[in-house]
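J.: Could you have a look at this structure, given as structure tokens, before my questions?
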Amino acid sequence: MIFHLISSIQAIEVKWYGASCLSISDENTRIIIDPFLTRPSLWKVLTNQALIPDTRLIKKYFGKDSRETIILITHTHYDHILDLPEVLRANPKAKVYGPAETIDFLKLFKIDTNIFKSLSKNHSLNIGQFSIESFDIKHSNLPFGFSFSRGKMSSTITTPLGAQDYQSMNSHSFFIKHKDARILLHPSAEPQKYDLKDIDLLIVGLTSLNINSLKKEVIDRVQAKRVFAIHHDNFFKSFDNPLAKMPFFPTLGVFPTKKLPISIKLDASL
Ligand SMILES: [Zn+2]
């Protein structure tokens, strides 16, 4: 029985690609979360220069795949959806689930909106052996209380977009269940009360200077077997550079020294 549990957990592969870009997959299904491999420089972001997706990276990591693919979006800031149009061009059958305003971006990038379902109305979905529940959560403020691009996208905007054109109104977290593995992705430092038990892996975004309430209300409360921190890396550095911590952002004690992507083991002893 123990062998059975371990082998079924290891059938799922979880990878982190920096910021809150992740993939969770088994042999039949691939879930891509917040596709963002392009990672433009801070200068490009501050000066709102046109952001051009890095198709080499997108093809390499999120290219065509024989498995069924779905894309989950936590919110529509550039560091979460910049590469969404190109991932969809590589995977035209993929379905997208995200905040209602995601549809504005799909229209802007001339993508068939039939592939999209808003999580603002429907909070649960099943795909392959996965069942996924979404929650409405709050986006955290950036360090020093700076609030980034909150609101509705301008109707006069044209592509390509600059970082500040990616407006966001709603944010979501995800509870992803697969046979014996239970994964909770809480991508924000703003806490949320979850009545979930037996979580194998809590993936948590450290997107604020102060993570005390996040620790108390999410990390301590959920008591996951394994906690993995995301979105505390310096995502202004390119994907191929060594991974570096975002200045000022906290860690949960350790910061990974490997290159992206990083495999997140579900077995706490590994
Ligand atoms: Zn954001």
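The values are calculated or read from the model by the stated rules, or taken from the named source; none is laboratory data. Not measured: the values here are computed from a predicted model. Please note: Cβ atoms are built from the backbone with ideal geometry, for glycine as well, and neighbour counts cover all protein chains shown. The accessibility values were calculated without ligands, DNA or RNA, using every heavy atom of the protein model including side chains. Shrake-Rupley method; radii C 1.70, N 1.55, O 1.52, S 1.80 Å.
J.: Can you tell me which residues in segment 257-270 are among the aliphatic types (A, V, I, L, M), part of a loop (DSSP other than H, G, I, E, B) and surrounded by 13 or more Cβ atoms within 10 Å (Cβ to Cβ)?
T.: Result: LEU260, ILE264, LEU266.
J.: Okay, moving on. Within segment 217-229, can one find any residue that is modelled with pLDDT of 95 or more, surrounded by fewer than 19 Cβ atoms within 10 Å (Cβ to Cβ) and of a type in the set (Gly, Ala, Ser)?
T.: No, that holds for no residue.
J.: So how many residues does segment 109-129 have that are basic (Lys, Arg) and surrounded by 22 or more Cβ atoms within 10 Å (Cβ to Cβ)?
T.: Of the residues in that region, 0 qualify.
J.: Further, regarding this structure: Considering only segment 214-256, how many residues are closer than 22 Å to HIS172 by Cβ, of a type in the set (Gly, Ala, Ser) and assigned to a loop (DSSP other than H, G, I, E, B)?
T.: 1
J.: Being among the acidic types (Asp, Glu), open to solvent by less than 10 Å² (accessible area, probe 1.4 Å) and within 15 Å of the chain's Cα centre (by Cα) is the requirement here; does ASP233 meet it?
T.: Numbers: among the acidic types (Asp, Glu): yes; open to solvent by less than 10 Å² (accessible area, probe 1.4 Å): yes; within 15 Å of the chain's Cα centre (by Cα): yes.
When the stated conditions are applied, ASP233 passes them.
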